[in-house]
1. Return the residue satisfying two criteria in turn: it lies in region 161-201 and is within 16 Å of the ligand (Cβ to nearest atom) and part of a loop (DSSP other than H, G, I, E, B), and of such residues it is least open to solvent (accessible area, probe 1.4 Å).
2. Please name all residue pairs, on different chains or six or more residues apart, with Cβ atoms under 6 Å, provided the first residue is in region 161-185 and is small (Gly, Ala, Ser) and the second residue is surrounded by fewer than 19 Cβ atoms within 10 Å (Cβ to Cβ) and in a loop (DSSP other than H, G, I, E, B).
3. For region 104-130, name all the residues that are of a type in the set (Gly, Ala, Ser) and free of Cβ contacts under 8 Å to residues at least 60 places away in the same chain.
4. Name every residue in region 5-25 that is more than 21 Å from Tyr121 (Cα to Cα), free of Cβ contacts under 8 Å to residues at least 60 places away in the same chain and open to solvent by 30 Å² or more (accessible area, probe 1.4 Å), in order of residue number.
5. Would you mind stating whether Ala45 is among the aliphatic types (A, V, I, L, M), within 20 Å of the chain's Cα centre (by Cα) and crowded, with 17+ Cβ neighbours inside 10 Å?
6. Which residues, counting only those in region 61-85, are open to solvent by 30 Å² or more (accessible area, probe 1.4 Å) and within 16 Å of the ligand (Cβ to nearest atom)?
7. Restricting to region 99-114, count the residues that are part of a loop (DSSP other than H, G, I, E, B) and either aromatic (Phe, Trp, Tyr) or within 16 Å of the ligand (Cβ to nearest atom) (or both).
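The values are calculated or read from the model by the stated rules, or taken from the named source; none is laboratory data. Everything numeric in this text was worked out from a predicted model, so none of it was measured. Cβ: placed from backbone, ideal geometry, glycine included. Neighbour counts: every protein chain shown. For accessibility, only protein heavy atoms count, side chains too; no ligands or nucleic acids. Shrake-Rupley method; radii C 1.70, N 1.55, O 1.52, S 1.80 Å.
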Amino acid sequence: MQVYRLPALSDNYIFLLHDPDRNITAVVDPGEAKPVLQQLQALRAELTAIFNTHHDRDHVGGNQQLIERFPQIKVYGGAEDRGRIPGQQVFLQGGDRISFAKRTAEILFVPGHTKAHIAYYFPPSNPSEIGELFCGDTLFAGGCGRLKEGTPAQMIASLEQLRKLPDSTRVWCAHEYTLKNLQFALSVDGDNLDLQRRWAEVKIARSRSQPTIPSSIGLEKSTNPFLRWDFPSLQSATKSHDPVQTFARLRGMKEQF
Ligand code: FE
């Protein structure tokens, strides 16, 4: 399975999953149809599925046009997004499994950004493969999504599920927010050497307009303050030892940053 990262809208990424053997594709969170159609044309491939992580417009805005162009496709989303995702036919819950190409995705229920948010995790099916995580607006490189419909406790439980995945897992998050996220991270975890190193690399990459996605679970665990609510540096920055309170305060500080 190959993953194509397609820049869309102002700072979104759409991911096109390609099975070169059968020349079929599935798309994750098509906020608009145009970049998807262009990449499909370049590959001369068929689209078989839309995998939506949540209902926000910048993640589903291209659904309708893609359904019109490929009437046979299946549209997947979270069960609790019923009525909010255009064309949705499959209503997924945490623990469900779906297959694409030769891979099987595990569905993780990760509410917090929205109440219905899901993530698609493709574990490696043999030792030569890497796990792939499509986490929408739950986990970002160096940050996490805003709590629009969920509570800090829900978001911690969601991020905890992602934090437990193997370090090598590639994290395909839906926005290029990394530079700003790391600026904030440095303000609360400035002595973290891994974070300082990452900041230097990301600054160079962004000055050359290079993408910073995918990230990895290992890198996020060592540098992303929103996965480090139980580390002493973040506890002292938030003056709290309670995980939910530490996380909630961090989120509040990020809103003000
Ligand atoms: Fe978004």
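1. Among those residues, the one meeting the criterion is Ala174.
2. Close Cβ pairs satisfying both conditions: Ser168/Ile130.
3. In the first step, residues of region 104-130 are kept if they are of a type in the set (Gly, Ala, Ser); the result is 105, 112, 116, 119, 125, 128.
Matches in region 104-130: Ala105, Gly112, Ser125, Ser128.
4. Leu9, Ser10, Asn23
5. no
6. Correct list: Arg84 only.
7. 5
A quick yes/no check of all residues on (1) open to solvent by 10 Å² or more (accessible area, probe 1.4 Å); (2) more than 18 Å from Ile156 (Cα to Cα):
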| position | (1), (2) |
| --- | --- |
| Ile204 | yes, yes |
| Ser207 | yes, yes |
| Gln210 | yes, yes |
| Ser216 | yes, yes |
| Leu227 | no, no |
| Phe231 | yes, no |
| Gln235 | yes, no |
| Asp242 | yes, no |
